[in-house]
1. Is there any pair with a first residue in segment B:429-458 that is more than 15 Å from residue B:526 (Cα to Cα) and basic (Lys, Arg) and a second that is in a strand (DSSP E or B) and at pLDDT 85 or above whose Cβ atoms are under 7 Å apart and which are 6 or more apart or on different chains, and what are they?
2. In segment B:427-477, what count of residues is obtained for those that are β-branched (Val, Ile, Thr) and open to solvent by 20 Å² or more (accessible area, probe 1.4 Å)?
3. Here's a check for you: in segment B:147-185, which residue that is of a type in the set (Phe, Trp, Tyr) and farther than 16 Å from residue B:123 by Cβ is nearest to the other protein chains (Cβ to nearest Cβ)?
4. Which residue is farthest from the other protein chains (Cβ to nearest Cβ), if the candidates are limited to segment A:286-301 and must be farther than 11 Å from residue A:253 by Cβ and open to solvent by 10 Å² or more (accessible area, probe 1.4 Å)?
5. For segment A:337-364, how many residues are of a type in the set (D, E, K, R) and outside any helix (DSSP H, G or I)?
6. Give me the strands (runs of 3 or more DSSP E) completely within segment A:169-263, filtered to those with at least 2 residues that are within 11 Å of another protein chain (Cβ to nearest Cβ) and open to solvent by 10 Å² or more (accessible area, probe 1.4 Å), ordered by residue number.
7. What is the residue count in segment A:134-168 for residues that are more than 8 Å from chain B (Cβ to nearest Cβ), more than 27 Å from residue A:235 (Cα to Cα) and either in contact with a helix residue (DSSP H, G or I) (Cβ under 6 Å, 6 or more places away or on another chain) or in a helix (DSSP H, G or I) (or both)?
8. Being within 60 Å of the chain's Cα centre (by Cα), assigned to a helix (DSSP H, G or I) and free of Cβ contacts under 8 Å to residues at least 60 places away in the same chain narrows it down to one residue among B:3, B:59; which is it?
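The values are calculated or read from the model by the stated rules, or taken from the named source; none is laboratory data. Predicted model only: the values in this text are computed from it and were never measured. Methodologically, a virtual Cβ is constructed for each residue, glycine included, from the backbone with ideal geometry; neighbour enumeration extends over all protein chains shown. Accessible surface is based on the protein model in full, side chains and every heavy atom, while ligands, DNA and RNA are left aside. Shrake-Rupley method; radii C 1.70, N 1.55, O 1.52, S 1.80 Å.
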Amino acid sequence: MKKCSPIIPGIAVFAMLLSVLIIQPNPASATKAQLSVEMSTPVVLNRSPQTAFLKVGVTGFALVQEAVRPPVNVAIVIDRSGSMSGEKMARAQDAAIMAIDRLGPDDIVSVVAYSHVVEVIVPATKVDDKEHIYQAIRNLYASGTTALFAGVSKGARQVRKFLADNRANRIILVSDGLANVGPSSPTELGSLGHSLAKEGISVTTIGLGDGYNEDLMAALAGNSDGNHAFVENAADLATTFNYEFGDLLSIVARNVRFKVQFNKGITPIRVLGRNARIHGRTVTSTLTQLYANQEKFMLIEVQIAPGASGEQTQIGSVDITYSNTVANSTDVLSKNVYVSFTDNWNIVEEHRNDDVMVASVELIAAEAQKTAITLRDKGQTREAERALEQNAVYLDSAGKKYNSARLKKQAQGNRTAKKNLAPSKWKRQRKAMVDDNYALETQQNW
Amino acid sequence: MKKKLTILLFSILLLPLIAIGILGYNISTDDAKLLSEAYRDVAERDLEQTESVVREFMKSTVSRYRTLCHPESLDANTLRDIPTREPSIVQYFVVNEEGQLQYPVLDETTGTEEAAFLERTAHLWKHRHPFRNTQETADEGGNRGFVTWYHNRGLHFIYWARHKDDRVVGFEVETAAFISALIAELPENTPINNLQRYHKKQTVNEQKNSHRLVKLVDEQDRDVYLFGDYTPDSKASPLASAHLPSPLSAWQLQYFASMPNTQGMWQRRTIYIFLTIGTLILAALILFAYFMLEYNRESRLARQQTSFVNQVSHELKTPLTNIRMYAELLQDHLDEDDSTEQRYIANIVNESGRLTRLIQNVLSFARSERKKLTLRLEEGIVDEQIRASMEPFQASFDRMHIQVETDLQTPQTIFFDHDILGQILTNLFSNVEKYAHQGKWMRVQSTMTEVPGGRHQVTIRVSDKGPGISNKDSRNLFLPFTRLQNGITEGVSGTGIGLTISKELAAVHGGGLTLCRTTAGACFQLTILAKRKEQRFARNPSAENTQPPPNP
């Protein structure tokens, strides 16, 4: 937490009324996503306006049988610019072939390669003649410059041919270099990702080696709700593709739309990690897809005006709609958000939700890491160092308080980063940090 | 002589060659120009296909945008919701009938995106009716169109349409999505596989891509998208280009193509031209060599002929001397002066004397050829030598009625080569006898002047009133070989070799023989250098070219 309220000594023996947040006696149908709504502090002080975090999470249900998974519609976009030649290209080819091997006859795959020009190596096709596809991939060779924007655009065109709500529509981009033909800024690629997400297409970006622009790759993936990975050694590409296809083959829901409506007196301040829109007391956000058994959440920082002690008050409601790709239905999930007020700090502490706290600390620390990156980018190495140290201290104390190994590990990560600000190590370190932050903010578990 | 001939031959042959070369070059560059025009035409037609793809794309895009400008409701919730699903839209806006921005406006529900939009577009709302003054971008009477602007170095544009109630509804277009969709519509390259790459075989599709590159470039001429398999030079200018329609009217499609045929043709042509010129130069050299060989052969032949004549002359000399001696003896034995026998013998003596002179000439010439002429100076009087040389001609001059005038003013005794002077004079008189007898007049003058160095220069002029010597002939008058080439016999018995010999002999004597200017007939001026004391004159190699000192 950014600011700590003064500790109020416990006076009242008799506790105030407690509140339960999750009441819904869901029959836990196995083919519906789970919505969870948790406050960092379900009981808040009733004095000045209090700040708290609301975590809205949604968990994909387990796929009973893999056969019923929604078909995949994937475009693999491979950078074949000169820098990819040799080992990198060979490993990328292997990884792509290995990944396609996991697809079934109903899945659709296309392969696009780009240098300064774009070639559609395999136009979008059902995966029934795998050998033909492999041959086309093996024929790839590297040369030329990097028209990344055009490569992704052409990949999108292939995906659009079979674009369907019940398909896992995805572009997987493998690049090791800086985009140098066409729009090449993180903003522009972020905008492209954003618009692709609206079409239901996610872009997963895999950065290979230490020559790519991690901001651009993260923005493209982040705005389209894809995954992002930093693969330092080409040999690890296969593993990464495996993870990616693991996600891709376990999609259970698509077009997940969050709407959080707060009541009077409750002001949403910001949303940590995810893209969301705040209009007055309404917060909306979208997830392109949801994977089986994975929780995706957003954290909303809210300001709560004081209320009457002892009362459990509804402060808002959460509505989620999504396309269930297994049941082929549109599902709606709703929950209300409640808090109770007390004038006893101990009671607040007693009911504190440490999971939400840890998630909040993680994302707040991630913001601080971004700040440190910006400072280092400007050449203010000393300031960056200080920011990372402060962040580590913050994470350590929070880790101790909430007894979280994750936070302690993150603190350790910040201390390591601090040592790697020298020009020779920074390039790699920066990519690792962007990758870690990305995983934190999007709950990418690999 | 040789140098002049070489230059002449070269210029005769080289000038036309150069002319042919220039002509050939001009023809080939003209052809290249024509061909490049043709290529430009092809390029423009080829680019037209791409342009039509862009036009189709714009047509369908604009029609979709028009639909998007008419959402089912204009309340803020709908206008906020649609952009979360619609890839083309960043932000909606509504301008009311008074021209004031109705949505989005800053209030407690304004989101960060909306605030950013208001900041980006602030300049647009400063005008009261920003959508009435955009004729260049609006179609159909200013009722819809694009407005573009730059913000933070990024291109932004909005599409707007006027509703029937005079409200304007529009939205900011997601530029990246627009460009991406445009790129997706444009053709891409056909992949070449490794096998084809290594064997450099090209499929039919590949052939279609062959040797061209189409570029989509932005307003700063930066590449946005490329297709085609040609790699132009960084400095290459496009064969054809076309601007995109609004809102990307500052962008261009550029067409690059290799011009293998023009370039190849040009190179081939250049090779042909140089081959032709080379062949011609070779032919010229062969011709030149042939001429030189021929020339050398002829001069060698001439020399052989000379030496033959020389030998023959030597052989003739002894019998001739005998003939003359016995004829003179016979003359002495005959008493009667007017007898027919006496007359016959006189003829024999005269003719053998003439023959002796001719042989003397040939032998002198042969000697001069071998450059072995030397002076034999003896004491004597020039005028007497003149008279003596004239003596044998007296009879024939009388017979031909040639009137001889003499003006001899060199009575001094000096040292000179009697034989040389006699031979020269005999040649000159013989010329008059042969060629200028129609003039029936001859004058012989002699003078002597002192020149620096204590020496004396004797000048003898022989003039006649014969047909004279034309300017053209006078140039070659003293050249031996031209004569010899005309026929050695004629040369010996005629003037040809005589004058050459005379000039050579005069040069040996430190002077010269030249043609002097006269109004009619011919006039030869002979100069020799002499001394009162015995003195030798070395042969001056440049004497031939030296003009004799001016006549006083």
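1. The qualifying pairs are B:440/B:403; B:455/B:529.
2. 4
3. B:178
4. A:293
5. 2
6. A:251-262
7. Total meeting the criteria: 2.
8. B:3
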